[in-house]
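Structure record follows, encoded as structure tokens.
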Amino acid sequence: MKRILASIMVFAAALSVSAQTVNVTSPSGRQTIAVEVHNDCGNTAITYQTWFDGRPVVLPSVLDLTIDNHIWERALAKKADPVDRWFDNLVYESHETFSKDTVWTNPYGERSQVRDAYNGAILHFVKKDASKYRLDIEIRAYDEGIALRYCLPMHPDAIYHRILAENTEFAFPEGTMAWYTQWAQAPYELLPLKDWPDECERPLTLKLADDLYAAVGEAAQIDFPRGKLKLSETKANTVVTALNDNGTDIVTPYALPWRVIMASDRLGGLLENNDIYLNLNEASAIADETWVRPGKIMRETRLTTENSIKCIDFCAAHDIDYILYDWKWYGRGDDFNSDAGQVVVPIDMKKVVEYGKSKGVGVWVYVNQHALQKQAEEIFPIYKEWGLAGIKFGFVQFTSQHWADWVHRMVRLAADNNLMVNIHDEYRPTGYSRTYPNLLTQEGIRGNEEFPSATHNTILPFTRMICGAGDYTVCYFDPRLKNTHAHQLTFPVMYFSPLQTLYWYDTPERIKDVPELEFFDNVPVVWDETKVVDDAIGEHVVIARRSGAEWFAGAITNDEGRRLSVATGFLEQDKDYVLRVYTDDPSSDSPTKVKCARYIVKGGQVLTFDLQPKGGAAMHFIPAEKSDLKVYKKLKVKDIL
């Protein structure tokens, strides 16, 4: 404790250095990182620790890489020498500090104006031998969290490295709990930092013992293995980066992905500050983005021209921007012999695309990884010629350096052909959509097609959704639904995605003409502002998002019913709004048992809901006109919705 308090005193300055310790504090002073270099008889150890408001988040933890620079020497000599500890004889040379504070516009995000502000430092190291090897460690302190990465500068001989492991540690205080998930589409389980069944997917959300929250994630993972997290074999309460690869070959200069440690005194702060992932990526590389158009999309599985026309008509009537031809339009997706440049079902693609354009509805197609591997360079120009809007990548691999590089090359190739992208299955975002905004969304989420529990749905906003958009594939009329329809209505607000899939298992014929569908019709897919109103993970969630002058909000509960108070402090104080509200009503004659109502409410007013078990409430707030005040009654404080 004395050591921690002494260290905190050093952090009074935003940037300072003491001996071989480099400290960086964020612009507001809330987030701090300290990197310490220890050298004992040529054995070098580098550690770091982080604080939030002076409170420990990450305790002293090791920064380390396992690098093999002798593979060619061993191959020539036919020897199998053990890999040297690369950090030995690594000497701290100097450091430099820097700051940034800019704002950029994001037309595809949860916030239209993104502040990119941090204080940073780069620590320079050199090997104390004849190899000329160098290493830089870059650290940044944002108000949203801490970021760090390893960089291998240009070597005079353009040296080749094989990175065998990244051994970055994250040690947390005793009693820390984690929302563990084994793979990108797995359920969550609240576990201590011990006895995990396997590695954990990122981001990893944690609750520290003194009511701090943290999330460990990865940004700018573009041509490097995915970095999961595993428990340390030797240190308690410590997780370590786990690369799913046998070795990563790079040529200098090269920067590894960012390791991100977000921290907040409220769980909702993690979601509200998740633009840190975008800020750690390069700005857009697309000069003309006019063809990148977020929107809502509906899947068409009855693969005929006639059914396609019906689906387009439905979409046009309900402000849905796209239809998607999913599985089998070009044959078996999992067969390398299928030709994704040919339509094998009875669809006149040219006629459908032209009809869709006349109705303002674009066409997307699903392409499995088999055809992407075999035909991407050939079929992407064909899709552009057909006038398609985008491609949904299916069953991508995303574990090794090869597959990470491959899938992002596919995104860039799609951009070259003015095609938007949705990546499905085990891919989770690390902010690359800032550089290539045609990557609108991705799955990597246990979504509605798997019919998860209401409790799972209250966990997702503060775990998976921290790292970026998630294609939840919203269902509405499917009889397999486990949760209420008002719960379902909230999903386009609850789970951000610039390409929002609606009616996943539905067809126009199955969709009933119920009045609450106006919420789906009206809800935007990108936002100017996002607020977490209530963040009781695993119990209930309230999220509000603004588009222009209008606000949309969703409230959901877990498998238990509850009376929930929702403060509307996100609205303009004392301003009148028309509230369109959609709640569960078991007594309703509607087949969906949803009650639709209109009220006048004032900004700042507290709304009270009696939520059904597995239920929810969807809200749409519109600035009121004078005429509205005469039509709709004012909602009283005592009223229960």
> Where residues in the range 314-334 are open to solvent by 30 Å² or more (accessible area, probe 1.4 Å) and on the phi > 0 side of the Ramachandran plot, which of them is modelled with the lowest pLDDT?
Replying inline: Lys328
>> Cβ-Cβ under 7 Å, sequence separation 6+ or interchain: first residue in the range 323-335 and in a strand (DSSP E or B), partner open to solvent by 60 Å² or more (accessible area, probe 1.4 Å). Which pairs?
In response: Gly331/Val344
>> Can you pull out every residue in the range 207-221 that is open to solvent by less than 10 Å² (accessible area, probe 1.4 Å), assigned to a strand (DSSP E or B) and within 13 Å of Arg55 (Cα to Cα)?
In response: Ala214
>> Restricting to the range 83-124, name every residue that is in contact with an Asp or Glu (Cβ under 9 Å, 6 or more places away or on another chain), on the phi < 0 side of the Ramachandran plot and at pLDDT below 95.
In response: Val83, Asp84, Arg85, Trp86, Phe87
>> Being in contact with a helix residue (DSSP H, G or I) (Cβ under 6 Å, 6 or more places away or on another chain), of a type in the set (A, V, I, L, M, F, W, C) and either part of a strand (DSSP E or B) or more than 15 Å from Gly109 (Cα to Cα) (or both) is true for just one of Ile445, Ile466, Ile459. Which residue is that?
In response: Ile445
> Can you name the condition, by its number, that Cys596 falls short on among (1) closer than 26 Å to Gly268 by Cβ; (2) in contact with a Pro (Cβ under 9 Å, 6 or more places away or on another chain); (3) part of a strand (DSSP E or B)?
Replying inline: (1)
> In the range 335-365, what residues are over 23 Å from Leu439 (Cβ atoms), touching a strand residue (DSSP E or B) at 6+ places or on another chain (Cβ under 6 Å) and open to solvent by less than 70 Å² (accessible area, probe 1.4 Å)?
Replying inline: Ser338, Val345
> Taking the range 572-603, which residues are open to solvent by less than 30 Å² (accessible area, probe 1.4 Å) and either modelled with pLDDT under 95 or among the small types (Gly, Ala, Ser) (or both)?
Replying inline: Ser588, Ser590, Ala597, Gly603
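For every residue, the table says whether it meets (1) buried (at least 23 other Cβ atoms within 10 Å of the Cβ); (2) aliphatic (A, V, I, L, M); (3) within 26 Å of Asp425 (Cβ to Cβ); (4) touching a helix residue (DSSP H, G or I) at 6+ places or on another chain (Cβ under 9 Å).
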site: Phe491; (1), (2), (3), (4): yes, no, yes, yes
site: Pro498; (1), (2), (3), (4): yes, no, yes, yes
site: Glu516; (1), (2), (3), (4): no, no, no, yes
site: Val526; (1), (2), (3), (4): no, yes, yes, no
site: Ala549; (1), (2), (3), (4): no, yes, no, no
site: Val566; (1), (2), (3), (4): no, yes, no, no
site: Phe570; (1), (2), (3), (4): no, no, no, no
> Within the bounds of the range 438-461, is there any residue that is under 13 Å from the mean Cα position of the chain (by Cα), buried (at least 24 other Cβ atoms within 10 Å of the Cβ) and of a type in the set (Gly, Ala, Ser)?
Replying inline: yes
>> Go through the range 469-490 and report how many residues are part of a loop (DSSP other than H, G, I, E, B) and either within 16 Å of Pro515 (Cβ to Cβ) or over 19 Å from the mean Cα position of the chain (by Cα) (or both).
In response: 10
> Do we have Glu377 as among the acidic types (Asp, Glu) and under 26 Å from Leu413 (Cα atoms) here?
Replying inline: yes
> Among the residues of the range 599-634, how many are closer than 16 Å to Arg563 by Cβ and not in a strand (DSSP E or B)?
Replying inline: 4
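The values are calculated or read from the model by the stated rules, or taken from the named source; none is laboratory data. This is a predicted model, so every value here is computed, not measured. Glycine also receives a Cβ, built like all others from the backbone with ideal geometry; neighbour counts cover every protein chain displayed. Surface areas here come from the heavy atoms of the whole protein model, side chains and all, with no ligands, DNA or RNA. Shrake-Rupley method; radii C 1.70, N 1.55, O 1.52, S 1.80 Å.
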